[in-house]
Amino acid sequence: MSKVAVIMGSTSDLPIMQDAIDILKEFNIEVDVDIVSAHRTPEKLFDFGKNAHKNGYSVIIAGAGGAAHLPGMVASLSPLPVIGVPVKSSNSIDGWDSVLSILQMPGGVPVATVALNGAKNAGILAAQIIGSSDQEILSKMVDYKQGLKEKVIKGAEEVRNIK
């Protein structure tokens, strides 16, 4: 069974990152959640990044606000795919500092980046990555996408019936 690590820089990021946790659980993907601060617990960051693949993870989702170094630093240490979630934090410049810190990675150290506070999409992307080699997750993703389509079709019918 595949396992995803959802890490964040502080507990204040949890309300945003909960969306990733919830969607992964919806797909029955095992999730481990932890606080790993790039600036306040660098030793923990290095240990986590160097050993994530040895600890059974398939994908890492890293959320961070402000300077948002966590996703990039983890990506520099780990051979696993890292999905960065920029978080609009209390010390943020409208979230743009977080977006750009995660988005603007140097060549050779990619971080897949979702929208500001886009943890749900990070969870979906992690499930899609896992689904590329896990038929059960792939099947659930096909069903999930069909559900999105059906929701839009139903919404369109409701709108057309407004008099």
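Peptides 93-102, 37-46 ranked from most to least packed, by the mean per-residue count of other Cβ atoms within 10 Å: 93-102, 37-46.
Given the pairs Lys88/Lys151; Lys25/Lys50; Lys25/Lys140; Lys120/Lys140; Lys50/Lys88, which are separated by over 22 angstrom at their Cα positions?
On the way: Lys88/Lys151 29 Å; Lys25/Lys50 25 Å; Lys25/Lys140 12 Å; Lys120/Lys140 16 Å; Lys50/Lys88 27 Å.
Violating the 22 Å limit, Cα to Cα: Lys88/Lys151; Lys25/Lys50; Lys50/Lys88.
For the chain, what is the mean residue ellipticity at 222 nm derived from helices alone (per DSSP H run of n ≥ 4: -39500 (n - 2.57); sum divided by total residues; nearest 500 deg cm²/dmol)?
Numbers: 6 runs with 78 residues, N = 163.
Dividing the helical sum by the residues of the chain leaves -15000 deg cm²/dmol.
In this simple spin-label model, placing a label point 7 Å from the Cα along the Cα-to-Cβ direction at both Ser139 and Ser90 gives a separation of 4.7 nm. Panel note: the C-alpha atoms of the stretch 65-147, placed on their principal axes, show extents of 40, 28, 15 Å (largest first). Can you find, among Thr41, Ser76, Ala126, the residue sitting farthest towards the positive end of the charge dipole of the chain, where Lys and Arg contribute +1 and Asp and Glu -1 at Cβ? After comparing all options, I get Ala126.
On alpha-carbon atoms, Rg over Rh for the stretch 117-163 using Kirkwood Rh?
With Rg and the Kirkwood Rh in hand, the quotient comes to 1.18.
When only the Cβ of Lys, Arg, Asp and Glu is charged (+1, +1, -1, -1), the dipole of the chain relative to its Cα centre reaches about 280 debye.
Starting from the exponent 0.38 and prefactor 2.2 Å, build the expected Rg for the chain from its residue count and divide its actual Cα Rg by it. Intermediate results must be reported in sequence, preceding the final value.
Numbers: Rg = 16.9 Å, N = 163, 2.2 N^0.38 = 15.2 Å.
Normalised by 2.2 N^0.38 Å, the Cα Rg of the chain equals 1.11.
Sort 15-26, 139-150 by packing, meaning the average of other beta carbons within 10 Å per residue, with the highest value first.
Values: 15-26: 18.6, 139-150: 11.9.
So the order, starting with the most tightly packed, is 15-26, 139-150.
A dipole drawn for the chain from +1 and -1 charges on Cβ atoms has a positive end, and of Leu148, Pro106, Gln18 the residue lying farthest that way is Leu148. Reported to the nearest whole Å, the Cα centre-to-centre distance from the stretch 1-27 to the stretch 59-94 is 13.
The numbers here are math on the coordinates, done by the rules we state, and not lab data. Since this is a predicted model, take the numbers as computed values, not measurements. With ideal geometry, Cβ positions are generated from the backbone for all residues, glycine too; neighbour counts draw on all protein chains shown.
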